[in-house]
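Notes to accompany the following structure.
Please treat every number below as a calculation from the coordinates, not as lab data. None of the values given here were measured: they were computed from a predicted structure. Note that we place each Cβ from the backbone using ideal geometry, even for glycine, and neighbour counts take in every protein chain shown.
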Amino acid sequence: MTAEPGLPFHVTSCSKIKQYLTLKRYNDLKEIRTPSGYSLDQAIRSGIENPDSNIGIYAGDMESYDCFAPVLLPIIEDYHHLDPGWSHKPGLQEVVLPDLDPEQRFIRSSRIRVARNLGKFPFSGNMTPDQRLELEKTVKHAFRNLPEKLSGTYTAFTDLNEKQFHALLKKGLAFRKGDRFMDAAGINRDYPLGRGIFTSRDNIIRVWVNEEDHLRIIAQSPGGDIANVFNRLIQMIKALGDKLDFAFDPKKGFLTTCPTNIGTAMRAGVHIHLEKLEQNLSFLETITRDHHLQIRGTGGEKTAVEKAVFDISNARRLGISANTILKDLHGGLQAIIQAEQKSRSFSGPGLG
Ligand code: DAR
């Protein structure tokens, strides 16, 4: 596919913006500014500078989704595989599901996160230093007023020296600057100013502040009890939602910096050890596809699988409810564990 004359997409790029940002759409949108002053050129800078982008465009505020709808909507409908008449499906109810791997023979850990942005602020690639500090101050106030069972501590990265920061990083209690895609989108600007992590007393809940989105609300725990992790996450989401106005659209759901995350803005996944299915990837891919799941490397997006530990999570974020995501994951993991068990019983663990 070649870009239309005049649009600076690299000939090798296969990004969604190259596919859907026609010259006409570009000319129709290039002078538009959102209320915070965000432009189309700012939105697509990452996709222009990184020809290997999958998507190539980021929102700079919730209004970007309306101002740049002629290019964002076709990208959203393509990426999320949406049928005509699609819409966000609400629903965030605690669940009762059996632990699929109580002896922890397969699932190393479970991690479920949602992205949330505060509607009254520009999004992460479009914030001034003062806006990042104001956002941090706003959410710190919410953290201080959580119910006792969810209480915890917030650590601002600017309060740490190099040694303290790297000690937290090793424990997964800090996050580095984003990748080159996020860098080109302005998301890493002023790092580590305004960045930090809230950690609940029981260490299950973490909230990243001012990373790719204003908030990444995360519940994680060793093992495969995804229902318990999901239920703890819901309690935190609802407690913060009572205090903060999240950027939300009835049709698109929760609005995020990257259009791949809108809707539930949820990624629910596990790290699972599949020493046999690693040797039969096409079978693993069939099972994950049938259950609307995706396979990532051990370190997550755009990383390799190490020591047969796969990151498996939901592929769908929009057009289905968070509870459906969890049921997809639970059903898919059940099928994957059965297949791995069967393969191991035929050849014994670790045998060729
Ligand atoms: N790397 C960018 C974004 C892809 C989706 N991942 C996010 N949002 N973390 C791309 O266009 O490929």
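Straight Cα distances below 17 angstrom link Lys252 to the aspartates and glutamates Asp61, Glu63, Asp66, Glu77, Asp78, Asp83, Asp213, with same-chain residues fewer than 8 positions distant left out. Taking a Cβ cut-off of under 9 Å around Met266, the surrounding Lys, Arg, Asp and Glu residues balance to a net charge of +3, with basic ones at +1 and acidic ones at -1. Per the Debye calculation on the range 1-133 with a single equal scatterer at every Cα and no solvent contribution, log₁₀ I(q)/I(0) for q = 0.16 Å⁻¹ amounts to -0.93.
Take 293-305, 115-127 and order them by the average number of nearby Cβ atoms within 10 Å per residue, most first; the result is 115-127, 293-305. Taking amide H positions as modeled 1.01 Å from N, with prolines and chain starts lacking one, the residues under 5 Å from Gln294 and 5 or more places away or on another chain are Ser313, Asn314, Ala315.
Once Rg and the Kirkwood radius are both taken over the C-alpha atoms of the chain, their ratio Rg/Rh works out to 0.97.
Measuring from centroid to centroid over Cα atoms, what is the spacing of the range 41-57 and the range 200-224 in Å? That distance is 28 Å.
Normalised by the residues of the chain, what does the relative contact order come to in percent, with Cα pairs under 8 Å and at least six apart? Show your work: numbers first, answer last.
On the way: 674 pairs, mean separation 72.4, N = 352.
Relative contact order comes out at 21 percent.
Applying both filters, DSSP loop and at most 15 other Cβ atoms within 10 Å, to the trypsin sites (Lys or Arg not before Pro) of the range 18-77 gives Lys30.
Please list 175-184, 148-157, 313-322 highest first by mean number of surrounding beta-carbon atoms within 10 Å per residue. Let's see the in-between values first.
On the way: 175-184: 17.5, 148-157: 15.0, 313-322: 21.7.
Packing proxy ranking, top to bottom: 313-322, 175-184, 148-157.
Which net charge results for the neighbourhood of Lys342, defined as the other residues with beta-carbon distances under 14 angstrom from its beta-carbon, given Lys and Arg at +1 and Asp and Glu at -1? Can you show the working numbers first?
On the way: positive: Arg105, Lys276, Arg344; negative: Glu275, Glu340.
The answer is +1.
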